[in-house]
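The values are calculated or read from the model by the stated rules, or taken from the named source; none is laboratory data. Note that the structure is predicted; figures quoted are calculated from it, not measured. Here the Cβ is made from the backbone with ideal geometry for all residues, glycine too, and neighbour counts use every protein chain on show. When the accessible area is computed, the model is the full protein with side chains, heavy atoms only, and any ligands, DNA or RNA have been set aside. Shrake-Rupley method; radii C 1.70, N 1.55, O 1.52, S 1.80 Å.
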Amino acid sequence: MKVETDLTAELGIDQIKRLLPHRAPFLFLERLTDIVPSESAVGHKTLSCNDPFFQGHFPDYPVMPGVLIVEALAQTAGALVMHSAGLAESGRLVYFMSIDKARFRRPVRPGDSLRMPVRALQRRGLVWRFSGQAFVGEILCADAEYTAMIAEDQRTGDGGTSDGNR
């Protein structure tokens, strides 16, 4: 397993797609920078007026839903974990387990560029606890702590059973 330790390392959208199963319109991470394997990274996402959630949240004053900001933070942490563990295209996924201390401080609007530093707080086996923040420029828009777990991909094509038997 080769682990990248160069702080100048950057993962682009194609590399992120090998780490995460998310795709448009539910991929909220375009770039991962400042990677310190198993410790921290910074995610980036530039929002467009064409992002589908802005059409209904809210039509006269479009705002990114807070739960999607937390999802973007979680995707940033998930990409860091998968990259650090060398699990690209491994058949494993990172699943949310809990969200704590989420605070929303400023609306995120079309044209904003989110910068999302995340930091590992604790690791016990396959379970990771992170803190993350979402900034537009230097303004803190949201922050949260959350727990996630690395697990085998449960998509088997057999109706959801892991062994194929019913």
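A few remarks follow.
- Here the Kirkwood formula puts the hydrodynamic radius of the chain at 16.5 Å, using every distinct Cα pair.
- The GNM of the chain, with springs linking C-alpha atoms under 10 angstrom apart, assigns the highest mean-square fluctuation among TYR95, TYR146, TYR61 to TYR61.
- Among LEU32, ILE16, PHE96 the positive-end extreme of the charge dipole of the chain (Cβ point charges): PHE96
- Net charge of neighbours whose Cβ lies under 11 Å from the Cβ of ARG92, counting Lys and Arg as +1 and Asp and Glu as -1: -3
- Cα-centred dipole magnitude for the chain, charges only on beta-carbon of K, R (+1) and D, E (-1), debye, nearest 20: 280 debye
- Computed on the Cα trace of segment 13-109, the radius of gyration divided by the Kirkwood hydrodynamic radius gives Rg/Rh = 0.98.
- With each label modelled as a point 7 angstrom along the Cα→C-beta vector, the MET149-GLU39 pair spans 2.8 nm.
- Sequentially through segment 23-39, phi angles give Karplus couplings (6.51, -1.76, 1.60; θ = phi - 60°) of 9, 4, x, 10, 9, 10, 9, 10, 7, 10, 10, 6, 7, 10, x, 6, 10 Hz, Gly and Pro residues having no value and appearing as x.
- Ranking of HIS57, HIS44 by solvent-accessible surface, largest first: HIS57, HIS44 (1.4 Å probe, protein heavy atoms only, all chains present).
- Of the residues GLN75, GLN154, GLN15, the one that moves most in a GNM of the chain with alpha-carbon contacts below 10 Å is GLN154.
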